Structure formats: structure tokens, C-alpha cells
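The numbers here are math on the coordinates, done by the rules we state, and not lab data. Note that the structure is a prediction, hence the values are computed from the model and not measured. No Cβ is skipped: glycine too gets one built from the backbone with ideal geometry, and neighbour counts run over all protein chains shown.
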Amino acid sequence: MQLSVNYMGLKLKNPIIVGSSGLSKNIEGVKKLYENGAGAIILKSLFEEQIIADSFKTMEKDKYSHTEVYDYVQNYTKENTVDDYLDLISKAKAVTTIPIIASINCISDSEWVSFAKKIQIAGADALELNISFLPSNENISSEKYEKMYFKIIKKLRKHISIPIALKMSYFSSGLAHLIKELSWTKKVDSFTLFNKFYSPDINIDTLELTSAKTFSTPEDITTSLRWIGLLSEKIQLPLVPSTGIHDGEGIIKQLLAGATAVQVVSSIYKNGPEQIGKMLEELKTWMIKNNYESIDDFRGKIHSEKSNSQYFERIQFMKYYSEIE
């Protein structure tokens, strides 16, 4: 039974990548994920503001429009210093034999990119670049937002040679075209679809703005599944789905649509690191049942080019609503 996959030139013993989260914020968490069979681990993200704050120890309050933002950044930086992050990379590499991927969450191409070189020196096998654009400014066109992707990766690539996984938003007026053009730059090595934004909610009793559900559900798999199926044969780089993969069935669906690997977070939070092994057993059982000896035997069997792209687009929409009457 061959579960290994090649991801950005990295050999993963299986397709489960533990996504960036509190699960991997310290060496104890990394050890647990490794011991329970993770194929690769992405460390908890550093934020652009955090790197800048650490680089310039004395921040001026007028750089931020609200004092609470300044205070938050300062406190966060004290609790999670850049040096600690570099130390975590080194320690994680020392106690594991799987790829350890660093993560940076950013919104601009400011001078924070020079810090990426330190991540490479610390031993990270790759860097996941989480670009968190929410196109909410009515005065900025989609074109201007999307140009920032190109500016960031161009500047970043000058500093590092390790693989770059671009984790991006689905908020785009021409998502497929954007991803294709980004792949043509040859400055990124894979795409993660998609990053997860803070989701607001409103408490109607207290009239306060609150946070909606933190964890994903199995039903949340549909957005990334659609885009993996649509793009896997058109983009000549690995595609990795994020959000909604909670069990072996979720892994199988994404691989059938053409994914190279999958990111898992919420299911591990809910069920513990042991969930990794359970998901792999479900994958193995299904492969045995269907006489597959390796993941390559079935990856991409149901992407849009083979299964008629309309099933990933319009027909299913029409069928769904025609039955609700």
C-alpha cells in the first residue's frame, strides 16, 4: 500500500498535512502530530505585523488608527517572538523526519519579506505564504488587490530558495485566471485553497459583534472540492485543499478531484491527534476495496476534464434547486 506523495519536491509519507494552527504552536504539539502519523506539519503562522513589531522594537502609536490595535500587536509580539519561532523550526526539525513548513500571514510586500531568509536558515523545508486579502474597500478595484499577490511573491522569492506554497482567498472576480497567471510566474510551487477568514456573527440579545463558529464541518468541503476539480488538470502545480476535511472520505474525495495532498486542522482539534491514524486507516480500507495500490492510481479520476466541468459548475445547481419544491 503506497500512501506517499510528492509535494513541491518534498516526499510525504502520506497526504495528510496538519495545517497552521495552535496544534503546532510548540514543540510538544509538533511531537504529538508527528507521532500520530502526520505526513507534514505547518507551524502556527507568524503575522506580518508581528514580524514588523519585532524588527522595530519601539513602535509609534500613530502607525495604527486605534490604540487597542497597537496594544494587541505589542502584547502578541511579547508572547510570540520571532526568535521563538525560529527556535521552534530548529527543534521541530530535530525531533521529526517529516517536512516542517513555516507559515507567514501577510497583506503587503513590506520589508518583512527579508525575515523569510531566517526561516530558511533555521531549517524549514518550505514556507506557506498566507495572503489574507478581503476585498472590502469599495475604492480599490479587484485588479489592484490581485496585483499584490504578484508583488509579494516576486519580492519574497529574491530572499529564499525553499518551496513556497501560496495559500489564498477565493475572493476574486477571475479566480481561475488569477491562479493560472500566478503559476506562470514560476515563483510559487503550490497553491492551498483556501485561507479561512474570521467569520463575524451578531448576538441579538446583547447586540454585540461576536465570532461565528471556529471549526469547520464536513459540509464545508464543497468550496475547495469544486475548485480542485476545476483546476487540477489546468494548473501544473500541486493543489492542496483546506477546510472541511474531517475523515478518510474527505481525503478520498479531494484526491479523486485531483488534489496532491490535504490540510487537516478542525478534525484534529475535535478528536485529538489520533484522528490522523483513523483517517489514514479509512483511506487504506477504501483503496484495498477498490484495488488501488497507490494514490497515483486514482488521483484525479473525477476532475472536471474527465467528468464534464458542468457538473462542477451549473448543472448541479439547477438539479439541486429543481428538487426543492
- Item | Under 5 Å, built H, 5+ apart or other chain: amide partners of residue 168 | 192, 195
- Under-5 Å amide H pairs with residue 44, H placed in peptide plane, nonlocal only: 21, 24, 25
- Task: Calculate, for residue 285 and residue 31, the FRET efficiency according to 1/(1 + (r/R0)^6) with r their C-beta to C-beta distance and R0 35 Å; round to the nearest 0.05.
- Result: 0.80
- Message: With 10 angstrom as the radius, rank 97, 185, 192 by how many other C-beta atoms surround their C-beta, starting from the fewest.
- Response: 97, 185, 192
- Counting only the backbone N, which residues of the stretch 260-302 are under 20 Å from the spot 7 Å out from the Cα of residue 6 toward its beta-carbon? 260-262, 293-301
- Task: Using amide H atoms built 1.01 Å from N in the peptide plane, name the residues 5+ places from residue 128, or on other chains, whose amide H lies under 5 Å from its own.
- Result: 102, 103, 104, 165
- Task: Return the calculated 222 nm mean residue ellipticity for the chain, to the nearest 500 deg cm²/dmol, obtained by summing -39500 (n - 2.57) across DSSP H runs with n ≥ 4 and dividing by the residue count.
- Result: -11500 deg cm²/dmol
- Task: Would you kindly state the longest site-free stretch of the chain, with sites defined as trypsin sites (Lys or Arg not before Pro) in a DSSP loop (not H, G, I, E, B) surrounded by at most 13 other Cβ atoms within 10 Å?
- Result: 58-157
- Query: What nm distance separates the two modelled labels at residue 159 and residue 134, each placed 7 Å from Cα along Cα→Cβ?
  - Reply: 2.5 nm
- Restricting to the chain, what percent of DSSP beta bridges are antiparallel, rounded to 5? 20 percent
- Take the chain, connect every pair of alpha-carbon atoms lying under 10 Å apart with a spring to form a Gaussian network, then pick out the residue of 266, 172, 20 with the largest mean-square fluctuation. 172
- Item | Environment charge of residue 153, counting only residues whose C-beta is closer than 14 Å and scoring Lys/Arg +1, Asp/Glu -1 | +4
- Query: Taking the Cβ of residue 165 as the center, what net charge do the other residues with Cβ under 10 Å away carry, scoring Lys and Arg +1 and Asp and Glu -1?
  - Reply: -1
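From the Cα trace of the stretch 5-322, what convex hull volume per residue do you get, rounded to a whole Å³? Present the calculation step by step, with values, prior to reporting the outcome.
Values: hull volume 51.9 nm³, N = 318.
In the stretch 5-322, the Cα hull volume divided by residue count equals 163 Å³.
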- Query: Tell me, what ³J(HN,Hα) does each residue in the stretch 210-220 have, in order and in whole Hz, if you take phi through Karplus 6.51 cos²θ - 1.76 cosθ + 1.60 with θ = phi - 60° and put x for Gly and Pro?
  - Reply: 10, 9, 6, 3, 7, 8, 7, 10, x, 5, 6
- Give a residue-ordered list of calculated ³J(HN,Hα) values for the stretch 158-164 (Karplus: 6.51 cos²θ - 1.76 cosθ + 1.60, θ = phi - 60°; whole Hz; x for Gly, Pro). 5, 9, 9, 10, 5, x, 10
- In nm, spacing of pseudo-spin labels at residue 143 and residue 234 (7 Å Cα→C-beta vector): 2.1 nm
- Using the Karplus curve 6.51 cos²θ - 1.76 cosθ + 1.60 with θ = phi - 60°, work out ³J(HN,Hα) for each residue of the stretch 266-281 in order, rounded to whole Hz, and write x for Gly and Pro. 4, 5, 6, 4, 6, 10, x, x, 4, 4, 4, x, 5, 5, 5, 5
- Task: Would you mind ranking 191, 47 by Cβ crowding within 10 Å, fewest neighbours first?
- Result: 47, 191
- Item | Contour excess over end-to-end distance, with Cα ends at residue 213 and residue 176 and 0.36 nm allotted per residue | 10.5 nm
